[in-house]
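Taking it in order: structure first as structure tokens, then the write-up.
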């Protein structure tokens with residue numbers, strides 16, 4: 001039963017309240033935060049609108065929660081989904097307080113304004129206009145934890161939820177363009193255990209940096225093989241990518257380096273299997289591992305995220321193109337879409353704001369997105385739930 005809807009915030013108030021609640025997810029414990037305050041706020045809002053509320057703690061993720069809100073009954077319906085966390089920030093690079101909405105130059109500046117707390121403020125406004133008596137199918141709202149790191153929230157939800165909506169829309173910033181394809185992502189650490197010693201006696205040690213140099217040469221070969229053998233013209237970066245992201249080793253110029261680490265990531269195309277990529281990585285480095293027994297190890301940094309593809313001729317895609325006025329596209333980054341797709345529903349990624357603003361200082365949501373997004377969500381809810 002609906003409570004007092006007048007107590008709920010308007011869009012500006014809602015996005016301000018969400019931004020003010022820090023919910024950073026990070027692999028660095030000093031930055032990582034709980035998202036419970038954001039989940040509690042969303043739960044209170046949607047409960048006021050008559051939604052049934054289910055908040056679940058995400059296992060093996062301290063202080064992390066998912067929220068599933070449901071309005072209406074029956075089978076199918078629409079799932080509007082997004083993540084409740086943000087990336088860390090460097091306050092010195094911001095022109096305003098990242099945790100306060102600043103309205104300037106027809107833009108709303110704030111951490112998570114487009115990626116992607118703002119999407120929940122839009123959902124709230126769309127739901128304020130719903131007449132529950134007219135719903136013939138359910139409307140679901142999902143807020144997940146830790147998308148910016150492990151995607152633990154979406155993984156847990158996909159493996160434990162029994163809902164099966166007809167369609168799902170993940171509101172990542174796409175400038176309201178329907179995204180029907182994106183690359184997968186995996187990251188690994190390659191560790192070389194050398195033998196430290198005095199630099200004047202090279203034969204008394206094993207230089208880990210010299211071995212990692214050989215590793216990098218082999219990785220360039222794998223990178224070239226991926227680029228030559230796999231292409232998808234739907235992407236602006238048409239081949240799989242292999243990035244050398246971070247390297248750490250040694251402690252002094254006059255010491256033989258005894259330890260070196262290299263962090264890499266690989267972004268796969270739809271149709272490529274993670275198991276194959278892991279096998280190819282091990283295979284390309286096998287000669288070095290054989291040459292230096294016991295000194296080379298490969299470990300996964302974060303659980304891999306699979307690639308995603310939704311058939312471009314599916315009903316959801318055609319409807320989203322019609323309602324948004326944009327043709328569908330592919331993107332190079334990863335989202336929670338492949339996990340939500342496991343529910344058995346047609347799935348796309350489509351939301352307000354630009355991915356160019358995501359993970360950047362002075363992140364913003366343009367005023368021009370507000371009316372367009374509210375109207376689009378209203379049409380989608382009516383189409384799939386009335």
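The values are calculated or read from the model by the stated rules, or taken from the named source; none is laboratory data. Everything quoted here is computed from the prediction, not taken from an experiment. Note: ideal-geometry Cβ built from the backbone for every residue, glycine included; neighbour counts use all protein chains shown.
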Worksheet item: Could you say whether any residue in region 266-274 is assigned to a strand (DSSP E or B) and outside the structural domain of residue 381 (by TED's automatic domain parsing)?
Response: yes
Discussion item. Can you tell me which condition residue 304 does not meet? The list is (1) crowded, with 16+ Cβ neighbours inside 10 Å; (2) at pLDDT 95 or above; (3) assigned to a strand (DSSP E or B), and all the others hold.
Written reply: (2)
Worksheet item: Of all residues in region 285-301, which are in contact with a helix residue (DSSP H, G or I) (Cβ under 9 Å, 6 or more places away or on another chain) and in a loop (DSSP other than H, G, I, E, B)?
Response: 292, 295
Worksheet entry | Extreme residue, nearest to residue 326 (Cα to Cα), among residues of region 142-182 that are assigned to a strand (DSSP E or B) and in contact with a helix residue (DSSP H, G or I) (Cβ under 6 Å, 6 or more places away or on another chain) | 180
Worksheet, complete the sentence: Among (1) outside any loop (DSSP other than H, G, I, E, B); (2) buried (at least 18 other Cβ atoms within 10 Å of the Cβ), residue 55 falls short only on (2)
Worksheet entry | strands (runs of 3 or more DSSP E) fully within region 70-113 counting 3 or more residues that are under 25 Å from the mean Cα position of the chain (by Cα) | 78-83, 107-109
Discussion item. Looking for something within 14 Å of the chain's Cα centre (by Cα), touching a residue at least 12 places away in the same chain (Cβ under 8 Å) and under 23 Å from residue 267 (Cα atoms) - is there at least one such residue anywhere in region 155-164?
Written reply: yes
Discussion item. Let me spell it out: the conditions are (1) surrounded by fewer than 16 Cβ atoms within 10 Å (Cβ to Cβ); (2) outside any loop (DSSP other than H, G, I, E, B), and residue 321 meets all of them except one. Which number is the exception?
Written reply: (1)
Practice prompt. Of the numbered conditions (1) touching a residue at least 12 places away in the same chain (Cβ under 8 Å); (2) under 19 Å from residue 156 (Cβ atoms), residue 14 fails exactly one; give the number of that condition.
Written response: (2)
Practice prompt. Would you mind finding the one in 202, 178 that is over 25 Å from residue 24 (Cβ atoms), touching a strand residue (DSSP E or B) at 6+ places or on another chain (Cβ under 7 Å) and surrounded by fewer than 18 Cβ atoms within 10 Å (Cβ to Cβ)?
Written response: 202
Fill in: Selected residue (only one of 328, 345 is within 19 Å of residue 158 (Cβ to Cβ), modelled with pLDDT of 95 or more, surrounded by 16 or more Cβ atoms within 10 Å (Cβ to Cβ) and over 17 Å from the mean Cα position of the chain (by Cα))
345
